[in-house]
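The values are calculated or read from the model by the stated rules, or taken from the named source; none is laboratory data. All values derive from a computational prediction rather than experimental measurement. Here Cβ is always computed from backbone atoms with ideal geometry, including for glycine, and neighbour counts include all displayed protein chains.
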Amino acid sequence: MADRKPEGYLEGRPIHPESLMMSYGYQPELSEGSIKCPIFQTSTFVFRTAEEGKAFFELAYGLRRRGPNEPMGLIYSRLNNPDLEVLEDRLTLWDEAEAAAVFASGMAAISTTLLTFVRPGDVVLHSEPVYGGTDFFLKHILPEFGVRVVGFRAGTSPEEAETLLQRLGLADKLAFILIETPANPTNALVDIAAYAQLAQRLSGERRVLVAVDNTFLGPLWQQPLRHGADLVLYSATKYIGGHSDLIAGVCLGRRELLDHVKVFRTILGTMAGPHTGWLLLRSLETLKLRMTAQMKSAGHVAKFLASHPKVAQLYYLGHLTEADPDYAIYQRQCSAAGGMIAFDLHGGEAEAFRMLNALRIFHLAVSLGGTESLVEHPATMTHADVDPEERIEMGISPAMVRISIGVEHPEDLIADLAQALEKV
């Protein structure tokens, strides 16, 4: 467990994260007693003395080591900002991370993190399927910089992945393993601990890093750092933001790694702004309430879909049985099934579109994790830029529909699905 500041304890006992979301990392007396952190809408900060400015820049650019309890001084909002500093402190609590970095989007978090740690000639091993934007960055952007990318299907054992790398003659060039679990949109799981062990086996003078995109389950229902991951990535647009009114991303992990990530974030300019940081601080206060309600409602909706005659297959973690290959991973790695459901209809795109067009409470829109329930067609929307043959191999068929459960009453969501399925 990462060291917490003294304010994280009450009479020697750690305070729960949902309680700390109201105050951790913020001192009202420094902001005229405001109970909420103000929006520090400024591009630059005034130094009290020239010596102070020099000291702040020395730390910001790594020209000297930070002294004991020496804070990182405020310089310029591309480097740091009070809203983001408080936010990053609070984000570390759920994942028990040492440090966090907030970005302008989930893709900014993923791309900046990868560019921080991979170099020409390196190999990135990644699970499949992944979010369409991640897929494009891995397969079309990184190769332009001389980075070799190797994918493995969710469900592939680390031994099989290692054999693949050996066969390609790339095992000694592996630098980074990127896992998305549960996978978007199939909810397929990847064993984080097993791939962390693979990274250790294949590490030489340079350590192979493991990063997990934890967007689907969020920080409540899965904590990848506990299972050996080095870094955790989020599209904070989704559950962390939770209100479909902001775009942001997060990277968390050990401080030494995040220091490197923040240097690249500063130079690439991929940092989130203060207003986004303030909105995320607001959202963190209700994260557990929202995600718990969504998780419980998803269970009711999934039960309805599982027994519907027009649903050919359901992809939902809460319905895994001991016969499923992912069952043991789920029991060991996850604490709840979350609010994401995918299912295949009998038929294809035409049948899926008829159902999508008939929905009234669900909003036909991409993204996920918001307070409103969303529905989309992965094959033609979020994963439209994935190679068509690869989409089918990954299990993303024209008949697949993905839904994100919001905070509406589950009986209303079920009624809406029922009437829409009648149109199929």
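Within the range 94-103, take every residue that is surrounded by 19 or more Cβ atoms within 10 Å (Cβ to Cβ) and touching a strand residue (DSSP E or B) at 6+ places or on another chain (Cβ under 8 Å) and give me the one that is nearest to MET291 (Cα to Cα). Lay out the reasoning, then the answer.
Narrowing the range 94-103 to residues surrounded by 19 or more Cβ atoms within 10 Å (Cβ to Cβ): 94-95, 97, 99-103.
Now restrict to residues that are touching a strand residue (DSSP E or B) at 6+ places or on another chain (Cβ under 8 Å): 95, 97, 99-103.
On the way: ASP95: 15, ALA97: 20, ALA99: 23, ALA100: 21, ALA101: 22, VAL102: 21, PHE103: 22 Å.
Per the stated criteria, the residue is ASP95.
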Scanning the range 232-277 for residues that are farther than 16 Å from ASP83 by Cα and of a type in the set (Gly, Ala, Ser), the one nearest to the chain's Cα centre (by Cα) turns out to be SER235
Out of THR237, THR276, report the one residue that is in contact with a Gly (Cβ under 7 Å, 6 or more places away or on another chain) and under 27 Å from GLU372 (Cα atoms). THR237
Odd one out for HIS140 among (1) in contact with a Phe, Trp or Tyr (Cβ under 8 Å, 6 or more places away or on another chain); (2) in the same structural domain as GLN223 (by TED's automatic domain parsing); (3) not β-branched (Val, Ile, Thr): (1)
Buried (at least 22 other Cβ atoms within 10 Å of the Cβ), of a type in the set (Gly, Ala, Ser) and in a strand (DSSP E or B): is that true of ALA108 in this structure? no
Would you list the strands (runs of 3 or more DSSP E) that sit entirely within the range 305-424 and hold 2 or more residues that are in contact with an Asp or Glu (Cβ under 9 Å, 6 or more places away or on another chain) and not aromatic (Phe, Trp, Tyr)? 311-315, 400-404
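What's the total number of residues in the range 312-330 that are touching a residue at least 40 places away in the same chain (Cβ under 8 Å), crowded, with 16+ Cβ neighbours inside 10 Å and over 18 Å from the mean Cα position of the chain (by Cα)?
Matching residues across the range 312-330 total 4.
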Can you confirm whether the range 397-408 contains a residue that is of a type in the set (D, E, K, R), modelled with pLDDT under 95, within 23 Å of the chain's Cα centre (by Cα) and within 19 Å of ASP135 (Cα to Cα)? no
Just one of the numbered conditions (1) farther than 17 Å from THR371 by Cβ; (2) buried (at least 17 other Cβ atoms within 10 Å of the Cβ) is not true of ALA298; which one? (1)
Filter the range 250-286 for residues that are in contact with a helix residue (DSSP H, G or I) (Cβ under 8 Å, 6 or more places away or on another chain) and assigned to a loop (DSSP other than H, G, I, E, B) and give the result. THR270, ALA272
